[in-house]
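Structure, as structure tokens:
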Amino acid sequence: MIELLIAGIILGLYAGLSPGPLLILVVSQTLKHGYFEGLKVAIAPLITDLIIILITVLFISQISGYNSILGIISIIGGIYLGYMAYKSFKPRGLTNDIEFEEPKSLQKGVTVNFLNPSPYLFWITIGGPILITAYSESILSPIMFLIGFYLFLVGSKVVLVMRLVNQGNS
């Protein structure tokens, strides 16, 4: 079970700090509107991912009898994880288009996360198979994975928000 917690922590930290639409939105909303707006974006995965996980795990469980399909999905997951690592070495720059707008940070965060293909790809190829395998061991195993994953996914974004605010105040 501890292995699943560690896997969740590592993958959550990676997902939390990888350059992408949600991370850029966290930075943008924090710089434009302050600490609480950045936090609202940071917690968006806690709202959206439950639905994404349910959809992807249901999909995977429907094809679980087909070992060759699951093997192909696992290989694709490994390739996707390698691709995410490659992309994280090539971050994009931020734009500096500051103008007043209504924050709507939580709404923006939820929308960005739902429309971003990365969570779906992650849960279909990596997270879903981990949850299904973990569940076959015990009910606590997938819970440990999810706790580690979301603690560090959201936590890393919260720490980033705090760092941005502290840099702005110094």
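Remarks
- Those residues of region 113-127 which are crowded, with 17+ Cβ neighbours inside 10 Å and free of Cβ contacts under 8 Å to residues at least 60 places away in the same chain, in sequence order: LEU121, THR125
Let's see how each residue does on (1) part of a loop (DSSP other than H, G, I, E, B); (2) at pLDDT 90 or above; (3) in contact with a strand residue (DSSP E or B) (Cβ under 8 Å, 6 or more places away or on another chain):
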| position | (1), (2), (3) |
| --- | --- |
| PHE100 | yes, no, no |
| VAL110 | no, yes, no |
| SER118 | no, no, no |
| ILE124 | no, no, no |
| ILE130 | no, yes, no |
| ALA134 | no, yes, no |
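- Scanning region 128-161 for residues that are farther than 17 Å from ILE53 by Cα, surrounded by fewer than 22 Cβ atoms within 10 Å (Cβ to Cβ) and of a type in the set (Val, Ile, Thr) yields VAL158, VAL159.
- Test: VAL41 is within 25 Å of SER105 (Cβ to Cβ), crowded, with 16+ Cβ neighbours inside 10 Å, modelled with pLDDT under 95 and among the aliphatic types (A, V, I, L, M): no
The values are calculated or read from the model by the stated rules, or taken from the named source; none is laboratory data. Just so we're clear, the structure is a prediction, and the values are computed from it rather than from any experiment. Cβ: placed from backbone, ideal geometry, glycine included. Neighbour counts: every protein chain shown.
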